[in-house]
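Peer 1: Starting off with a structure, shown below.
The values are calculated or read from the model by the stated rules, or taken from the named source; none is laboratory data. Just so you know, these numbers come straight off a predicted model, no measurement behind them. Reconstructed Cβ throughout: ideal geometry from the backbone, glycine too, with neighbour counts over all protein chains shown.
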Amino acid sequence: MPGAHENGRVEQPWILSSAAEAALAMARAATDRDPLRLGAALQRALGLDASQRAAVLTQLSLEDRATTRWHAPATDMRLTREGLEQATRPVLAEWRARQLADAGVRQAADLGCGLGLESRALARAGLRVRAVELDPDTAAFARHNSAGLDVTIHVGDLTDPAVLAWALDGADAAFLDPARRDPTGPRTIDGRTGHRVLDPESWSPPWSWVRTLADRLPRTVVKVAPGIDHALVPSDASATWAAVDGDLVEASVWFRGFAGLPARRALALTHDGSLDLLTSDASVDETVTGVRDHLIDVAPVVTRSGLVTTLAARLDATRIDPHIGYLTRDGAPVPTPFHTTYRVLDVLPFDRRRVGSALAGLGCGALTVMKRGFAADTEALRRQWLRGCHGDRAMVVALTRIGDVPTAVVCEP
Ligand SMILES: C[S@@+](CC[C@H](N)C(=O)[O-])C[C@H]1O[C@@H](n2cnc3c(N)ncnc32)[C@H](O)[C@@H]1O
């Protein structure tokens with residue numbers, strides 16, 4: 001497919017031009033970011049027309065949103081609203097790229113590259129990248145975002161056999177991030193596009209197509225929603241659930257070409273790159289005991305990956321019930337990004353009045369109510385209980401079920 005990466009469009013969006021670069025530099029430096037006044041200043045100083053001014057203001061607000069989400073400046077990138085919603089966080093793309101580089105991958109195909117966050121991370125990890133993107137404008141942004149790196153981007157449909165053959169030529173691994181939003185769906189109030197498409201056969205490309213690709217190139221990695229049904233993951237594949245700064249953001253399926261990976265992993269990253277991993281090949285502790293000195297609230301990345309008992313073994317903790325995600329342990333708290341520890345003050349069968357009096361008696365002044373396996377309006381209970389409290393201690397009530405008994409565990413952070 002000679003010159004394939006040059007196809008698709010003659011004219012690129014103005015925001016990718018050098019004139020836009022100058023306008024963005026001026027806008028970023030402005031102390032007054034009021035859109036009307038900033039727009040007027042851009043018109044006066046640089047003669048920008050209305051659509052150019054709007055493009056600069058939109059880019060500025062997307063940069064701010066990305067900087068907040070990523071905890072890193074995004075000024076070297078050009079963003080679109082849809083692209084940013086779907087983009088992998090840089091710290092996670094960098095982790096994945098390092099994994100591929102460490103597995104000996106030299107050339108990767110990034111199939112459905114969006115704004116190019118993964119392509120960029122792969123290239124920075126030393127890989128050659130061939131990327132495919134259906135939407136010509138998005139591809140132009142990806143090209144801008146990977147300028148100077150060993151990334152070649154083709155505008156086309158990755159399910160087209162000729163396009164796929166070009167992308168896979170020389171590749172020893174493929175990365176896919178299927179589109180999981182319906183762009184024709186309604187927008188939310190903050191401009192996010194439509195509803196999430198939950199049926200994997202409605203993703204673009206669909207899950208069955210992904211499986212066929214993985215048969216052809218077993219070193220295939222696919223980013224999926226963290227709520228993925230475990231039954232979709234083939235028995236010879238490995239799945240990783242990832243949290244960044246405590247937010248569960250994605251899962252990824254690593255097909256059978258990545259031999260030796262545990263069946264399941266929970267990855268906790270922070271924006272500054274620190275990392276912790278729980279794996280399904282570690283020991284597990286299924287022991288159930290009564291509530292001990294501390295209650296442990298397990299992070300969503302652990303519950304979604306099904307690694308609660310692995311965490312229990314690591315913390316020398318036990319379960320309070322075989323079906324509930326709270327753990328318990330004695331001794332000094334051991335911090336990990338996979339859980340939060342609370343000191344237990346009282347454990348009582350759930351009864352609104354009794355819990356209220358216990359809180360008042362313990363000097364509660366600020367309260368959080370959380371629940372697992374317990375149906376309740378936690379905010380209504382919190383307000384009701386706080387009305388009877390006049391102390392100054394911050395407390396947490398965990399509502400749960402131990403066996404058949406609805407239980408309240410009163411704790412402090
Ligand atoms: C979830 S986004 C990728 C985001 C990207 N990984 C990133 O971090 O920026 C999926 C992308 O795949 C593209 N796409 C969907 N179906 C495609 C197809 N059949 N061929 C090529 N690209 C496709 C969409 O246009 C969208 O940009």
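Peer 1: Output the number of residues of the range 100-111 satisfying the condition of being in contact with a strand residue (DSSP E or B) (Cβ under 6 Å, 6 or more places away or on another chain) and more than 10 Å from the ligand (Cβ to nearest atom).
Peer 2: So the count comes out to 5.
Peer 1: Still on this structure, I have one more. Only one of (1) free of Cβ contacts under 8 Å to residues at least 12 places away in the same chain; (2) surrounded by 13 or more Cβ atoms within 10 Å (Cβ to Cβ) is not met by LEU48, so which one is it?
Peer 2: For LEU48, the failing item is (1).
Peer 1: For the range 112-130, give me each residue that is near the ligand (Cβ under 7 Å from one of its atoms) and over 17 Å from the mean Cα position of the chain (by Cα).
Peer 2: GLY112
Peer 1: One residue is enough: does the range 108-129 have a residue meeting the conditions of a type in the set (D, E, K, R), part of a loop (DSSP other than H, G, I, E, B) and not assigned by TED's automatic domain parsing to the domain that holds SER17?
Peer 2: No, there is no match, as no residue in the range 108-129 is of a type in the set (D, E, K, R), part of a loop (DSSP other than H, G, I, E, B) and not assigned by TED's automatic domain parsing to the domain that holds SER17.
Peer 1: Considering only the range 140-182, state which residues are out of contact with any Asp or Glu (no Cβ under 8 Å at 6 or more places or on another chain), basic (Lys, Arg) and more than 20 Å from PRO13 (Cβ to Cβ).
Peer 2: Across the range 140-182, the qualifying residue is only ARG180.
Peer 1: Shifting gears a bit: For LEU277, all conditions in the list (1) outside any strand (DSSP E or B); (2) over 23 Å from LEU84 (Cα atoms); (3) without any contact (Cβ under 8 Å) to a residue 60 or more places away in the chain hold save one; what is the number of the exception?
Peer 2: It fails just one condition, (1).
Peer 1: Run down GLY148, GLY126, GLY112 and say which single residue is touching a Pro at 6+ places or on another chain (Cβ under 8 Å) and either within 29 Å of ALA55 (Cα to Cα) or not charged (D, E, K, R) (or both).
Peer 2: One residue alone meets the criteria, GLY112.
Peer 1: Applying the selection to the range 132-183, what residues are closer than 15 Å to PRO205 by Cβ, assigned to a strand (DSSP E or B) and within 12 Å of the ligand (Cβ to nearest atom)?
Peer 2: VAL132, GLU133, PHE175, LEU176, ALA179, ARG181
Peer 1: Here's another thing I want to ask about it. Is it the case that ASP377 is surrounded by fewer than 17 Cβ atoms within 10 Å (Cβ to Cβ) and in contact with a Lys or Arg (Cβ under 7 Å, 6 or more places away or on another chain)?
Peer 2: No; evaluated as a whole, the condition is false for this residue.
Peer 1: Given the conditions (1) polar (S, T, N, Q); (2) buried (at least 20 other Cβ atoms within 10 Å of the Cβ); (3) within 12 Å of the ligand (Cβ to nearest atom), and given that GLN59 satisfies all but one, which numbered condition is not satisfied?
Peer 2: Going through (1) polar (S, T, N, Q); (2) buried (at least 20 other Cβ atoms within 10 Å of the Cβ); (3) within 12 Å of the ligand (Cβ to nearest atom) one by one, GLN59 breaks only (3).
Peer 1: Checking the condition part of a helix (DSSP H, G or I), assigned by TED's automatic domain parsing to the domain that holds LEU164, buried (at least 20 other Cβ atoms within 10 Å of the Cβ) and within 8 Å of the ligand (Cβ to nearest atom), which residue from ALA97, ALA93 passes? Before you say what the answer is, go through the steps one by one.
Peer 2: Working: ALA97 fails: within 8 Å of the ligand (Cβ to nearest atom).
Answer to the check: ALA93.
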